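The values are calculated or read from the model by the stated rules, or taken from the named source; none is laboratory data. Remember, it's a predicted structure, so these values are computed and weren't measured experimentally. Every residue, glycine as well, gets a Cβ built from its backbone with ideal geometry; the counts of neighbours run over all protein chains shown.
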Amino acid sequence: MVTALPLLTAPQASAAPANAPADAPAAEFVARPPAWQRCDPDQPAAYECATIKVPLDYRRPSGRTIDLAISRMRSENPAKRHGVLLLNPGGPGGPGLDLPLQLNEQMPKGVREQYDLIGFDPRGVGASSPVSCQLAPEEQEIMRPYRPESFPSDVAWARTVADKCREKAGAVLPFITTRNTARDMDAIRSALGERKISYLGYSYGTYLGAVYTQMFPARTDRFVLDSGVDPQRIWRGMLQVWASEAEPAFARWTRWTAQRSAEYGLGDTPEAVSRTFWALVARADKDPIPLDGMKLTGDDIRARRALFFYPAQAAPAVKALKDAADGEPAALSPAQRKLLLPTAEPAADNGTAAFLAVVCGDTEWPRYPEQYERETVRDKARYPLYGDFTSGIKPCAFWSRPIEAPTPMRTGAPVMTVQNEWDSQTPLVSGQGLHRALAGSRMVLAEGGEGHGVYLVDPASCVAAPVEAYLTTGRLPALDVTCHSAPGAAERRAASPGPSLPSPFLF
């Protein structure tokens, strides 16, 4: 990832008239052309960066501005150039400035030469006027297990984080939203002098792209929305779907593992495998299990719910846990270690602050701690692997109320959605919800595909051909497409040079 880029600040952008209607300025805001320069002496000269100015509040386009860091790698074949392809890696809170550099070598020539690849750090992120709540590492732990005795302290934590964010960045955070980021995408379009934009967005980037199609339908060209966020679940429901959809993934894992009982020794029926796992969780709750220099509690084990979307990775990892609990040597591969062991806490809070700004600021959340506790107890019983983590209280309960309503999906959007069948972050039901919400869209489903992110992320995925046909011709398939991808994507991804998606904590 590029961490420090010498950016040029473009001249002040032109603004819409001061008396423009409250919901119209974005359509009239025209950013000045960027002043491009080489991003970094250590990077290719073709990788260029710039900064444009955009309004903090598009209702007041002549008021305070913020920086928007953008990047590009131009098509090397102007005769075949179709336009620009904006890129977003997900989040909210994921930086995207280096995506053109990442994808330049990954896209087939027939796709690559049609586009200038355009990256950007979304507002509030990375090099785009980054926000901070000055949160300590332990304050950034959003997904917390429920214990009756600790719930009052969880409420205090959620209130403290919201208060800190208001104190440190309250003038900016209300405007770090998906709708304003979509307006920023349109500002990039105007700065580049383009009539329309094409787009490749992953994960949260699918919702951002969907919102753009509703706000600016006449400026929407070829859009690929990979690993879909369901607009009807924004945002608490997108956390809760992690819990509900972890249960069928866990059941699939128990069946897979039972069929290989001679290899793993975790049980010869799905029920026996499940009992082995839950016995390990109970043991770890009483006596944390030492593994690779860490001690894992039962909550730590449950927190790794994404593990079970990869049966071939989960079975040896759970076996290693059982071996460690029994005092035997436990060996983990790098992929298993990444999926099983807790990750280090971030040192800075920019990603967390931007995540909270969008997730809490896009929609209204319940305001009463008692409701969270009731629903957390209910969902821990319904979805024992992860239900309490997702339904538990969040800083959004104490956040300032949103400045805009969520974006309704009412306008037809002839775009392509792409989905793995077994995706831990944006599960299949979420991708199907996005497809349903966008009338006229076509869905490409990788049946059997595992993992989060498909096109270019999993270089062996069967989705490549239909995606590339759409990006090169602009023609969608007549019907939805279902193809078959072999499992084992975690191992392939470990060696893949494709685009990096944000931390598994994010969408």
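A few points about this structure:
- Tally of residues being crowded, with 18+ Cβ neighbours inside 10 Å and under 22 Å from Arg378 (Cα atoms) across the stretch 137-156: 7
- Qualifying positions in the stretch 173-232 - in contact with a strand residue (DSSP E or B) (Cβ under 6 Å, 6 or more places away or on another chain) and of a type in the set (S, T, N, Q): Ser190, Ser198, Thr206, Thr213, Ser227
- Residues in the stretch 352-390 that are among the polar types (S, T, N, Q) and farther than 25 Å from Ala171 by Cα: Gln371, Thr376, Thr390.
- Taking every residue in the stretch 140-156 that is on the phi < 0 side of the Ramachandran plot and pairing it with any residue that is among the aromatic types (Phe, Trp, Tyr) and surrounded by 19 or more Cβ atoms within 10 Å (Cβ to Cβ), at least 6 positions away or on another chain, the pairs with Cβ-Cβ distances below 7 Å are Met143/Phe389; Arg144/Phe389; Pro145/Phe389.
- Boolean, Gln313 is surrounded by 18 or more Cβ atoms within 10 Å (Cβ to Cβ) and not charged (D, E, K, R): yes
Conditions (1) farther than 20 Å from Ile176 by Cβ; (2) at pLDDT below 95; (3) among the acidic types (Asp, Glu); (4) assigned to a helix (DSSP H, G or I), marked per residue:
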position: Ser198; (1), (2), (3), (4): yes, no, no, no
position: Gln214; (1), (2), (3), (4): no, no, no, yes
position: Ala218; (1), (2), (3), (4): yes, no, no, yes
position: Asp221; (1), (2), (3), (4): yes, no, yes, no
position: Gly228; (1), (2), (3), (4): yes, no, no, no
position: Glu245; (1), (2), (3), (4): yes, no, yes, yes
position: Pro248; (1), (2), (3), (4): yes, no, no, yes
position: Arg255; (1), (2), (3), (4): yes, no, no, yes
position: Gly267; (1), (2), (3), (4): yes, no, no, no
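- Residue within the stretch 397-415 that is assigned to a helix (DSSP H, G or I), polar (S, T, N, Q) and surrounded by fewer than 23 Cβ atoms within 10 Å (Cβ to Cβ) present: no
- The residue list Ser244, Ser333, Ser261 contains one member that is closer than 27 Å to Thr426 by Cα and either basic (Lys, Arg) or without any contact (Cβ under 8 Å) to a residue 40 or more places away in the chain (or both), which is Ser333.
- Restricting the search to strands (runs of 3 or more DSSP E) fully inside the stretch 29-131 and requiring at least 1 residues that are under 18 Å from the mean Cα position of the chain (by Cα) gives 83-88, 115-120.
Residue by residue, here is whether (1) surrounded by 18 or more Cβ atoms within 10 Å (Cβ to Cβ); (2) assigned by TED's automatic domain parsing to the domain that holds Pro122; (3) aliphatic (A, V, I, L, M); (4) in a helix (DSSP H, G or I) holds:
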| position | (1), (2), (3), (4) |
| --- | --- |
| Leu307 | yes, no, yes, yes |
| Ala330 | yes, no, yes, no |
| Ala357 | yes, no, yes, yes |
| Cys360 | yes, no, no, yes |
| Arg374 | no, no, no, yes |
| Phe389 | yes, no, no, yes |
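- With respect to the stated conditions, Leu321 is crowded, with 22+ Cβ neighbours inside 10 Å, out of contact with any Pro (no Cβ under 7 Å at 6 or more places or on another chain) and touching a residue at least 40 places away in the same chain (Cβ under 8 Å).
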